[in-house]
Amino acid sequence: MEPELNHEMTQTWTPERIETLLALPLPELIWQAQQVHRQHFDPTEVQLSSLLSIKTGGCAEDCGYCPQSAHHDTGLAAGKLMDVDLVLANARAAKDAGAGRFCMGAAWREPKDRDLDKVAEIVAGVKALGLETCMTLGMLDRAQAQRLADAGLDFYNHNLDTSPEFYGEIISTRTYQERLDTLDAVRDAGLQVCCGGIVGMGESRRDRAALLAQLAALSPQPESVPINALVRVAGTPLEHAPDLDPFEFVRVVAAARICLPKSRVRLSAGRRELGDGVQALCFLAGANSIFYGDTLLVTGNAEVDADRALFARLGLHADGVASPEAVPAAAAPRVVALQPAAERG
Ligand code: SAM
Ligand code: DTB
Ligand code: SF4
């Protein structure tokens, strides 16, 4: 018997409703997600975003998962805001490898106004290469969000990370409401919103449902929804978080697809560790975006060559590219420059 599909947008996605979805037998859940996915997207098409850390480490916030927090000893040296030329060299390499969007992250609680001059220059340069631009710089006030919009930025990433109830177990230096306020400022400035969370921090299924309910309640819903699997980094408080059942991750992706029907649902951190089989299930469950490139911000990612092989094996193609054969043949390497020790800190 065919399961009933009854997901009118008018119904509110409460945590209870989403928890019921998460508890469905996996074939039912994936079938429902596939039907929603096909209403809005080509199921063989995946959007590729590449990441670059433009200001690494030394962050004042105490996010329990994050290798870049100054509160945790992860052995990561803090750097300064990267020079425009080096950012552009990395953006060019990402474009040559086939990325459509370039996402730049800074380990800041919030940017200082003077930092935004250089950030605006970076946005203009990356856009001029023909890439979509995304920044994730921490909290913004309304004037800062407007400044980024005026600079031509396309997307701002700011994650809710988990449920309001579990949030205080993970972060003490800022509130959930502050995250929501930044998201409001970003949306009101006319920027597109990228907002998601992390699975595998020891939260319950109910917390996962409550996170998705928060994301689904954003109005309009975020254009991009990164679903991260926790990367357990030595020296962080979550170093010993319990193993995440990969099928639970697939369930979260499927439920995200159902309650965020028009959003790009992105397989984000932890994708390499999921392996090819689980990633394939995630694509079947409605994921249609990945972080693409050999590194995330500071930790490793699935390798570009492995992704290209996986896409070819699954018959997937990149956003804007007609077939797997049309993806550029050789991936350009990441451009790295070590900062002299004197400039660190
Ligand atoms: N500082 C800014 C902020 O917190 O919004 C931007 C950068 S921050 C690294 C961006 C996001 O990366 C976090 O919100 C979190 O969802 C994700 N993240 C950080 N460390 C992670 C980890 N170890 N595993 C999975 N996701 C992680
Ligand atoms: C998101 O949701 N995940 C990305 C991006 N947005 C900025 C970051 C993942 C970070 C993983 C750990 C690291 O390399 O720092
Ligand atoms: Fe890491 Fe961002 Fe939290 Fe800073 S605010 S510790 S960079 S997740």
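The values are calculated or read from the model by the stated rules, or taken from the named source; none is laboratory data. Quick caveat, the model's predicted, so the values are computed rather than measured. No Cβ is skipped: glycine too gets one built from the backbone with ideal geometry, and neighbour counts run over all protein chains shown. Accessible surface areas use protein heavy atoms only, side chains included; no ligands, DNA or RNA. Shrake-Rupley method; radii C 1.70, N 1.55, O 1.52, S 1.80 Å.
Key figures
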item	result
Qualifying residues in the range 40-63 (those that are in a loop (DSSP other than H, G, I, E, B) and among the β-branched types (V, I, T)) - the one least open to solvent (accessible area, probe 1.4 Å)	T56
A254 being away from ligand 1 (no atom under 14 Å from the Cβ) and open to solvent by less than 40 Å² (accessible area, probe 1.4 Å)	yes
Of all residues in the range 196-231 being outside any strand (DSSP E or B), closer than 21 Å to G277 by Cβ and open to solvent by 20 Å² or more (accessible area, probe 1.4 Å), the one that is nearest to ligand 2 (Cβ to nearest atom)	V231
Residue among D184, D154 that alone is at negative phi, in contact with a Lys or Arg (Cβ under 8 Å, 6 or more places away or on another chain) and among the acidic types (D, E)	D154
Matching residues, the range 108-131, being open to solvent by 70 Å² or more (accessible area, probe 1.4 Å) and part of a helix (DSSP H, G or I)	D117, E121, K127, A128
Options C66, C103: the member that is surrounded by 17 or more Cβ atoms within 10 Å (Cβ to Cβ) and either closer than 21 Å to L238 by Cβ or among the hydroxyl-bearing types (S, T, Y) (or both)	C66
Test: residue in the range 83-99 that is within 16 Å of ligand 3 (Cβ to nearest atom) and either farther than 20 Å from E132 by Cβ or buried (at least 20 other Cβ atoms within 10 Å of the Cβ) (or both)	no
Condition check for A143: closer than 26 Å to D115 by Cβ and more than 16 Å from ligand 3 (Cβ to nearest atom)	yes
